[in-house]
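The values are calculated or read from the model by the stated rules, or taken from the named source; none is laboratory data. All values derive from a computational prediction rather than experimental measurement. Every residue, glycine among them, receives a Cβ derived from its backbone with ideal geometry; neighbour counts consider all protein chains shown. To get the accessible areas, we keep the full protein, side chains included, count just its heavy atoms, and leave off ligands, DNA and RNA. Shrake-Rupley method; radii C 1.70, N 1.55, O 1.52, S 1.80 Å.
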Amino acid sequence: MEFTRDDLSTRQRVARSILVNGPSTAATLAEQLDLTPAAVRRHLDQLVEDGEVEARDPRPGAVRGRGRPAKLFALTEHGRDSFDQQYDDLAVQALRFLAETGGEDALRAFADQRVSFIEARFGAVLEEHPDLTPAQVLARVFTDEGYAASVRELPLAGEQLCQQHCPVSHVAHEFPQLCEAETAAISRVLGRHVQRLATIAHGDGVCTTCIPDLPSSTHREKESVS
């Protein structure tokens, strides 16, 4: 089958929409990209055939109403390869050498240095965008670094930082210190404990970090101090 340049461009738009917004139904993609459902399905079929996208059943708790639930389409590891991961093999080899010659301390020092952009840029972005919540500021910082991040509210629980793309996911699969350093930096800039719930590096469709609300007692203590 031959494809025109427009076909390939639209297919890339479909793939990038899934990258940025996470696993999506065909109907959602059609609405986001202003395409017909039939056109989206045609491109999804080709992306699935090429091994760049896979169809998944939605989580049971997300299914509402009657009828068969719509499939979610998510990027595979092969699909992510086209988004800024050309140097994974070299990075893995370099970190293996670092681990062999410098040990665990050297690995953790490297991981801390790599995520230093979080603390370095958080304050400046917060000052530039005072209307954003701290979690939204983090999402802006991560997005600028290629993570395609967003924030989801969790009723009665706080917020969830969602990273739809991780530029180092393949490397972090072997070296979880990268994810651990990232989580620790998030906790430091927010001044509270956060919990990493899922990571792309370990096969999840998105990296998610739970950011709980501060207890009301903590707010009262801060107000009394101020």
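Residues in the range 153-185 that are at pLDDT below 90, charged (D, E, K, R) and closer than 26 Å to Leu95 by Cα: there are none. For the range 138-176, filtered to residues that are among the polar types (S, T, N, Q) and in contact with a Phe, Trp or Tyr (Cβ under 8 Å, 6 or more places away or on another chain), the residue that is surrounded by the most Cβ atoms within 10 Å (Cβ to Cβ) is Gln163. Say we look at the range 71-100 and pick out the residues that are open to solvent by less than 90 Å² (accessible area, probe 1.4 Å) and among the hydroxyl-bearing types (Ser, Thr, Tyr); which of these is modelled with the highest pLDDT? Per the criteria, the residue is Thr76. How many residues are at pLDDT below 80 and in a helix (DSSP H, G or I) if we restrict to the range 186-226? Total meeting the criteria: 10. Ala120: open to solvent by less than 70 Å² (accessible area, probe 1.4 Å) and either in a helix (DSSP H, G or I) or farther than 30 Å from Asp81 by Cα (or both), yes or no? No: the conditions fail for Ala120. Restricting attention to the range 47-70, the residues that are surrounded by fewer than 17 Cβ atoms within 10 Å (Cβ to Cβ) and either farther than 13 Å from Pro23 by Cβ or at pLDDT 90 or above (or both) add up to 13. Tally the residues that are closer than 15 Å to Thr183 by Cβ and not β-branched (Val, Ile, Thr), restricting the search to the range 140-157. Qualifying residue count, the range 140-157: 3.
In the range 24-56, of all residues being under 20 Å from the mean Cα position of the chain (by Cα) and not in a loop (DSSP other than H, G, I, E, B), the one that is nearest to Gly79 (Cα to Cα) corresponds to Val53.
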